[in-house]
Every structure is written in C-alpha cells, then in structure tokens.
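Structure first, commentary second.
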Amino acid sequence: MVQIVISSKAGEGPAEWLLVELQGEVVSRQNTGLAGNLMGDLHYTKEGVPVLIVGHHILYGKQVKLEKPFAVLMKHSGLPRDEEETMETNQENPTSYTVSALIKKKLIFKTRPKPIITNVPKKV
Amino acid sequence: MVHDLLESFIVMSVFFISLIIRGDKDEHAVLCNEDETYDLKIADTSNLLLFVPGCKTPDQLPDISASPQLVHAQIWGFSNCYWELRRQRPRLKKLKKLLMENPYDGPAVGMQEEAPGPKYTMDDLLERIQASREEIEAHLQNVHACEIDGFWRILDFDYEMKLLGHVTQLVDSESWSFSKVPLSVCLEELGSLEPKSMIEHCLNCYGRRYSNEDGQVIYALDEDKVCRATAQLLLQNAVKFNLSEFQEVWQQSVPEGMSARLDQLRGLALLDRSSKPETISLLRIEDLPEDTLERFNSLFSLREKWTQDDIEPYIQDLCGEKQTTGALLTKHARSSVQNGVKVYNSRRPIAT
C-alpha cells in the first residue's frame with residue numbers, strides 16, 4: 001500500500017491565492033498556447049465589481065466566498081523524472097505533497113462576454 | 001488509482017494538522033487526518049478555473065481616488081477538475097482479517113517459542129489499513145486486540161473465554177460483587193494460571209476500570225458484554241438452536257447473578273420467530289460484507305423479508321454522517337406490509 005503525506009510548509013501558513021472562474025474556454029489568438037501570454041485586464045469598479053477584459057470582450061463578474069475552501073497541492077516525487085512511471089512503494093523516496101496555497105474566495109464571471117466595438121469614424 | 005493522481009491537484013479541504021493519502025494499487029484512495037477518513041473523488045466542471053497567486057480583491061486594495069494603478073499578476077495555472085473530499089466510514093474489516101491470520105492463544109508452552117506467523121505493529125497496520133490512526137486504535141479496542149511484544153494481536157476466542165472463565169470463577173469463589181473486582185487480587189490468584197498482562201487485558205475488555213477511596217484499582221464487570229460473549233461461545237457450535245432451549249442453557253452458563261437477555265445479542269444473533277419452534281442462530285455483523293450494496297445483498301439472501309427492528313443492528317454502521325437507518329432502507333430496500341407488520345425486501349432479485 002502507498003501512504004502519501006500531505007504537509008504544510010513549516011513556518012507561516014500557506015499563501016492565499018485567488019480563483020478566477022470563467023464559463024467556456026480561453027484560447028490564444030494565434031493558437032500558440034496560453035503560457036507566457038497576456039490574458040487580459042482585471043478591473044474593479046468603485047463598487048468593487050470585478051470586470052474582465054479579454055481580447056475585445058468584456059465580462060462582468062462577482063466576488064464569492066467559497067463554501068468549501070480549496071487547497072492547491074504540489075507533488076514531490078522524490079524520484080528522478082524518467083523513473084516516475086515505475087513508482088512503487090519506495091521508502092527512501094516516497095511521494096509526498098505540500099500545500100502550496102489555500103483558496104477561500106473566487107471571482108466568477110458568468111455573464112455572456114460583450115464585444116467592445118471601437119468607435120468607427122464616419123466616412124467623411 | 002493512487003498512482004493516477006495528477007501532477008498538481010486541488011482538493012476541497014478542511015483545516016488539518018497532518019494529512020495522509022492511503023491505498024493499495026487496486027483500492028480507491030482515501031485521505032486521513034488524525035481521526036477521520038475521507039473518500040477522494042474527482043469532480044469535473046465545465047467552467048475554467050484559473051489560479052492567480054497574490055491577486056487582490058477590492059477589499060484588499062487601498063482606496064486611491066488618485067491615479068489608477070497597474071499591477072501585474074500572473075496566472076499560475078488552470079484546471080477543469082478538482083478532487084472532492086467526502087467524509088466516510090473507515091475501511092476497518094481488513095484490520096481484523098490481518099490480525100486473524102495469527103491469533104494469540106496463550107504463551108508458548110515450556111521452552112518452545114511461539115509458532116511463527118504474521119505479526120503487525122501499529123506502523124504496519126497504518127501502512128495497510130485505509131483509516132486514520134485514531135479510528136484504527138478504536139477498532140483494536142472493539143475487537144479486544146492487545147499489544148504483545150510490540151505487535152498487535154487478536155485473541156483466539158476460546159482463549160479469551162478461558163481468561164474470562166478464570167475471572168468469573170474467582171469472583172464467584174470470593175463472593176465479590178460484579179462491580180467490585182479488585183485487580184491486585186485477580187493478578188495474585190490467577191497469575192499462576194495465565195500471564196498477568198492477559199488477566200488485566202481480559203478485565204479491561206469486559207469491565208470498566210476505576211479506583212476506589214483507598215486508591216486501589218477496581219473493575220466493574222459489564223453484564224451485557226459477559227453474557228454476549230457467553231452466547232457467542234454457545235452459538236458458534238451449531239447452525240441453529242431451539243430458542244427456548246438456548247435461553248435456558250445460556251442463563252445457566254452465565255455467572256450466577258447476571259441476567260442473560262435477548263437484547264444483549266443485537267448484531268450477534270438472529271432470531272427466527274416465524275419457524276416452529278422458534279430458533280436462534282449466530283449472525284455476526286463483522287462476518288458480513290463491508291460494502292453497503294454487498295451487505296444488503298448478503299442480508300436479503302439470508303432472509304427474504306426483514307422487519308426494521310431485526311435488520312437495524314446489521315446496517316447501523318453503514319449510515320453516513322447524519323443518515324438514519326430508515327433512509328438507508330428507503331434507498332436500498334423495498335417495503336411492504338405482511339401480517340400488519342412493515343417488512344423490507346431486496347429491490348432486485350436475489351438468489352437465496
């Protein structure tokens with residue numbers, strides 16, 4: 001049997017992250033993948049309403065406290081990368097997880113994105 | 001399934017001190033803290049979940065009416081699924097099964113060493129049982145296991161009854177009250193027959209330990225536990241007993257002054273009041289399957305229709321948090337009325 005230990009980093013508690021929840025998918029314009037790209041701008045109105053601008057769309061959302069918080073766990077395999085496939089119970093290099101962060105609230109964007117149309121000057 | 005866990009994943013969690021995931025290759029993974037066990041189930045969402053470390057919400061941002069600020073925040077990653085924790089009853093049937101591989105039936109005779117056989121320390125058990133430490137410790141107490149030379153051992157039932165017999169015979173010959181059994185005298189008088197640690201273990205299993213005004217350790221024997229064990233000893237020797245005959249023999253077998261009552265046998269024996277004459281047979285809950293569906297199938301193949309009162313002791317442990325046996329029966333059985341009494345039978349055809 002396997003026993004995998006999940007622990008919190010010693011010292012102060014885990015960091016708090018924010019969850020942003022979107023309906024649908026996010027794709028990159030030229031299909032180059034998402035990594036390293038700018039996704040969009042997050043604004044808050046004076047009333048604290050989150051507003052997300054992605055590409056030429058604008059989405060309005062709201063902040064919600066999570067009923068059941070999430071924990072984000074990072075796996076530590078203890079084995080060198082190429083040996084990960086044959087993971088048996090190996091007491092010298094047991095797999096473990098640490099809690100990287102806790103998530104207690106989220107910004108959820110459920111409304112249909114609205115396209116932002118820039119002002120087209122009238123033909124002279 | 002444990003090996004399929006994602007590279008980095010999210011669980012819904014409660015606050016914890018230490019968490020451990022346990023499971024064999026072919027078992028579903030469970031998550032344990034010090035005293036609870038949770039099922040790990042993957043949950044899907046059609047929404048996209050983005051994780052943004054350190055991103056602030058309006059309440060965390062200073063109130064600046066001056067120039068707007070631009071803060072760079074990086075999305076650490078995203079996911080469509082996460083793991084959910086659901087509190088569940090720990091899987092402890094394996095514990096007794098492991099200990100029964102090598103029950104203890106007394107110290108080795110003469111110069112001989114005890115016959116070889118598998119033995120488990122607490123760490124060995126934690127490696128094999130999908131439950132938290134405290135749940136394991138509680139179950140070890142329930143099955144009357146004891147630690148001998150660092151290994152947890154379950155007693156062979158006949159040996160356990162032999163020990164109990166020594167104690168009850170001493171109580172009788174000394175004319176003690178059942179609630180005032182002094183430990184020191186027991187150890188002195190019985191120590192030549194059996195190891196003192198075993199005498200004390202027997203008292204711990206069948207009595208409640210306390211101290212009297214003089215600071216002496218005294219035990220109050222538990223009538224229900226003693227009678228129940230005596231019944232098991234009688235019932236395990238035959239398939240079925242004539243109920244009234246059994247009750248007579250049983251009352252004669254328990255220590256004089258104790259009352260043997262049928263309600264002491266819930267979860268241990270099953271009465272058949274429909275047969276003529278009425279009968280009783282051994283049916284122990286620990287001999288039945290642990291899985292809910294399998295348990296119901298097993299019970300319905302033993303008997304087609306059950307009253308709630310008869311089936312209750314055999315399904316009590318299946319109840320989830322805040323679930324009643326009534327709710328379980330509604331879910332897994334079909335009810336009907338027979339001779340004015342509500343009975344339950346299986347929802348599906350069962351081979352009897």
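Residues that are without any contact (Cβ under 8 Å) to a residue 24 or more places away in the chain and farther than 28 Å from B:P62 by Cα are absent from region A:46-55.
Yes/no per residue for (1) among the small types (G, A, S); (2) out of contact with any strand residue (DSSP E or B) (no Cβ under 7 Å at 6 or more places or on another chain):
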site	(1), (2)
B:M161	no, yes
B:S175	yes, yes
B:E194	no, yes
B:L203	no, no
B:D214	no, yes
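Going residue by residue through region B:106-114, is there one that turns out to be closer than 24 Å to B:Q323 by Cβ, under 41 Å from the mean Cα position of the chain (by Cα) and surrounded by fewer than 18 Cβ atoms within 10 Å (Cβ to Cβ)? No, region B:106-114 has no match at all.
For (1) at pLDDT below 80; (2) of a type in the set (K, R); (3) part of a loop (DSSP other than H, G, I, E, B), each residue gets a yes or a no:
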residue: A:G11; (1), (2), (3): yes, no, yes
residue: A:E21; (1), (2), (3): no, no, no
residue: A:R29; (1), (2), (3): yes, yes, yes
residue: A:L42; (1), (2), (3): no, no, no
residue: A:L66; (1), (2), (3): no, no, no
residue: A:V72; (1), (2), (3): no, no, no
residue: A:D82; (1), (2), (3): yes, no, no
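In the set (1) within 22 Å of the chain's Cα centre (by Cα); (2) farther than 18 Å from B:K331 by Cβ; (3) at pLDDT 95 or above, B:D287 fails one condition alone, (3). List pairs: first residue in region A:105-124 and closer than 24 Å to B:C55 by Cα, second residue modelled with pLDDT of 85 or more and surrounded by fewer than 10 Cβ atoms within 10 Å (Cβ to Cβ) anywhere in the structure, Cβ distance under 8 angstrom, at least six positions apart or on different chains. So the pair list comes out as A:K105/A:K65. One residue stands out in region B:209-260 among those that are among the basic types (K, R) and outside any helix (DSSP H, G or I): the one that is nearest to the chain's Cα centre (by Cα), namely B:R209. Listed by first and then second residue, the pairs linking a residue in region B:148-164 that is without any contact (Cβ under 8 Å) to a residue 40 or more places away in the chain to a residue that is polar (S, T, N, Q), with Cβ atoms under 7 Å apart and 6 or more places separating them unless they lie on different chains, are B:G150/B:T121; B:F151/B:T121. Residues B:T37, B:T57: which one is surrounded by 14 or more Cβ atoms within 10 Å (Cβ to Cβ) and under 20 Å from A:V51 (Cβ atoms)? The unique qualifying residue is B:T57.
Suppose the filter is at pLDDT below 85, facing chain B (nearest Cβ under 9 Å) and touching a strand residue (DSSP E or B) at 6+ places or on another chain (Cβ under 9 Å); does A:V99 pass it? Yes: the conditions hold for A:V99.
The values are calculated or read from the model by the stated rules, or taken from the named source; none is laboratory data. All values reported here derive from a predicted model rather than from experimental measurement. As a convention, Cβ positions derive from the backbone with ideal geometry for all residues, glycine included, and neighbour counts pool all protein chains shown.
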